[in-house]
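Input: a single structure, listed below in structure tokens.
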Amino acid sequence: MSTDTTASVSTHILDTSLGRPAQGVAVTLAARSGSDAPWAALGGSRTDVDGRCKDLPALPEGTTHVRLGFETEAYFSQNEAEAQQDAPRPRDSGAFFPEVAITFSVSPGEHYHVPLLLNPFGYSVYRGS
């Protein structure tokens with residue numbers, strides 16, 4: 001939960017090629033306090049059965065930029081056989097994007113929910129609610 005001096009972040013992943021949540025994807029969180037400041041790794045989590053990370057670390061006071069990292073290559077490798085069975089046409093081996101990094105600005109007191117819509121050959125993100 002955010003306070004007046006910190007922002008908070010949450011995310012979830014939907015695999016649009018399968019039409020369901022992406023379970024077991026490693027997600028990392030980093031933050032910095034200013035455009036020229038170095039990134040500080042804060043930790044991470046894995047998506048649950050609903051594709052959500054409910055336990056991302058809190059952001060430190062003064063955070064202005066956040067980076068979410070999604071390790072997609074392992075997810076697509078482990079789900080390749082299932083995806084090929086369910087997908088309209090077979091996937092190539094692995095993922096075109098082995099990782100996805102999303103960087104965005106934050107303001108104190110705001111909550112940022114940033115969903116990732118993912119498929120083997122593309123992705124989209126947006127600020128959710």
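Data overview
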| quantity | calculated |
| --- | --- |
| Restricting segment 95-127 to residues that are without any contact (Cβ under 8 Å) to a residue 40 or more places away in the chain, within 28 Å of Glu61 (Cβ to Cβ) and not hydrophobic (A, V, I, L, M, F, W, C), the residue that is surrounded by the most Cβ atoms within 10 Å (Cβ to Cβ) | Thr103 |
| Any hit, segment 49-67, residues being modelled with pLDDT under 85 and of a type outside the set (A, V, I, L, M) | no |
| Given (1) small (Gly, Ala, Ser); (2) surrounded by 18 or more Cβ atoms within 10 Å (Cβ to Cβ); (3) touching a Gly at 6+ places or on another chain (Cβ under 8 Å), number of the condition Ser33 does not satisfy | (2) |
| Failed item, numbered, when Leu18 is tested on (1) surrounded by 18 or more Cβ atoms within 10 Å (Cβ to Cβ); (2) not in a strand (DSSP E or B) | (1) |
| Looking only at segment 4-15, and only at residues there that are part of a loop (DSSP other than H, G, I, E, B) and either surrounded by fewer than 16 Cβ atoms within 10 Å (Cβ to Cβ) or touching a Lys or Arg at 6+ places or on another chain (Cβ under 8 Å) (or both), the one that is modelled with the highest pLDDT | Thr5 |
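The values are calculated or read from the model by the stated rules, or taken from the named source; none is laboratory data. Given the structure is predicted, the values throughout are model-derived calculations rather than measurements. Reconstructed Cβ throughout: ideal geometry from the backbone, glycine too, with neighbour counts over all protein chains shown.
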